[in-house]
Ligand code: HEC
Ligand code: HEC
């Protein structure tokens with residue numbers, strides 16, 4: 001058993017070790033299960049203030065429980081793809097920290113893309129999305145894989161909307177969540193609202209950086225030393241250009257935890273904005 005996210009026990013089965021299984025040519029990989037690891041995480045976690053998450057939520061997409069649940073369902077639903085075989089989770093598998101563990105992602109009809117899928121954990125803090133930053137928000141981003149011919153393969157967003165509209169449950173859920181029939185922008189809002197619940201905090205490492213010396217073992221502590229010294233990992237995975245080893249900047253530990261998983265100088269700006277607000 002392992003404890004992740006909101007301190008719920010997670011079974012080892014859900015966490016996929018090793019490289020992904022070889023894929024059947026011409027077919028998309030199977031859609032992973034939406035088990036416990038996929039659940040929205042709690043906002044009250046060590047190393048992360050509620051305020052910090054709230055600062056990353058756009059005012060026109062408040063995350064109501066209904067909306068998050070709808071986004072959760074959509075994220076794992078193959079009907080978002082042209083032939084029903086590919087879900088967002090195909091390439092962002094909770095069992096692999098919301099990646100697919102492949103050198104390049106595989107989409108509809110087994111088509112292989114050109115890039116690997118980044119985790120979407122903490123993507124709410126990214127100032128831009130994609131490796132090249134070509135999408136601004138999670139809402140803007142979500143529309144792109146749906147119509148990418150190598151990914152979900154729909155000719156248009158309207159085609160995906162028409163597909164979902166055949167399902168009475170979706171029709172009802174969109175109507176009660178947004179007060180109108182299914183449409184592209186609301187579809188992206190629901191997906192983005194779910195994604196903003198996926199934060200990776202509250203790990204033993206977060207507890208350690210937050211000040212609990214006993215939260216990680218000696219081996220991990222030695223690794224952390226190397227990370228910040230001769231490993232030189234902190235040259236790129238650190239808080240900012242001028243604050244590299246954040247162990248001496250305890251006030252900034254929250255930002256550090258995020259910076260470690262992605263290159264997020266933008267996050268530093270976000271967190272300092274929050275600090276300014278909270279003063
Ligand atoms: C076929 C695989 C595939 C599918 C399906 C897919 N993605 Fe992705 N996703 C990727 C790849 C590959 C990238 C990086 C591409 C790039 O940077 O050009 C990516 C990037 C992202 C990012 C940016 C994260 C970051 O750190 O920059 C987000 C967010 C995301 N996807 C969410 C989604 C959502 C939501 C869906 C469903 C609507 C989805 N993805 C469907 C493969 C996929
Ligand atoms: C010169 C800058 C640089 C240095 C030094 C560096 N990294 Fe990275 N690292 C990156 C970049 C850029 C990426 C993302 C690129 C990619 O995945 O294609 C990355 C990705 C990663 C990832 C994957 C993160 C994810 O979310 O997929 C890990 C883990 C990682 N680095 C750990 C380390 C460790 C450990 C060290 C020290 C031994 C280190 N890095 C040193 C720049 C650097």
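Read the figures in this text as sums done on the coordinates, not as results from a lab. Computed from a predicted model, the values in this text were never measured in an experiment. Cβ: placed from backbone, ideal geometry, glycine included. Neighbour counts: every protein chain shown.
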Ranked from fewest to most other Cβ atoms within 10 Å of their own Cβ, 67, 221 fall in the order 221, 67
Using 7 Å Cα-to-Cβ label points, what is the residue 180/residue 137 separation (nm, one decimal)?
1.4
Stretch residue 14-residue 34 to full length: gain in nm at 0.36 nm per residue minus the Cα-Cα span?
6.2 nm
If the chain between residue 226 and residue 144 were fully extended at 0.36 nm per residue, the gain over the current Cα-Cα distance would be 25.6 nm
Taking a ≥ b ≥ c as the square roots of the eigenvalues of the Cα gyration tensor, with a/c under 1.5 meaning rounded and otherwise prolate when a/b exceeds b/c and oblate if not, the range 106-200 is oblate
Model label zone, residue 116; criterion: amide N under 19 Å from point 7 Å along Cα-to-beta-carbon; scope the range 12-28
15-23
How much FRET efficiency would the formula 1/(1 + (r/R0)^6) give for residue 104 and residue 233, where r is the Cβ-Cβ distance and R0 is 22 Å, rounded to 0.05?
0.35
Taking a ≥ b ≥ c as the square roots of the Cα gyration tensor eigenvalues, with a/c under 1.5 meaning rounded and otherwise prolate when a/b beats b/c or oblate if not, the range 87-160 comes out oblate
Exposure-ranked with fewest Cβ neighbours within 10 Å first, 218, 212, 140, 206 stand as 218, 212, 140, 206
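For 131, 224, what ranking results if the residue with the fewest other Cβ atoms within 10 Å of its Cβ goes first? Show your work: numbers first, answer last.
Details: 131 10, 224 19.
Result, fewest neighbours first: 131, 224.
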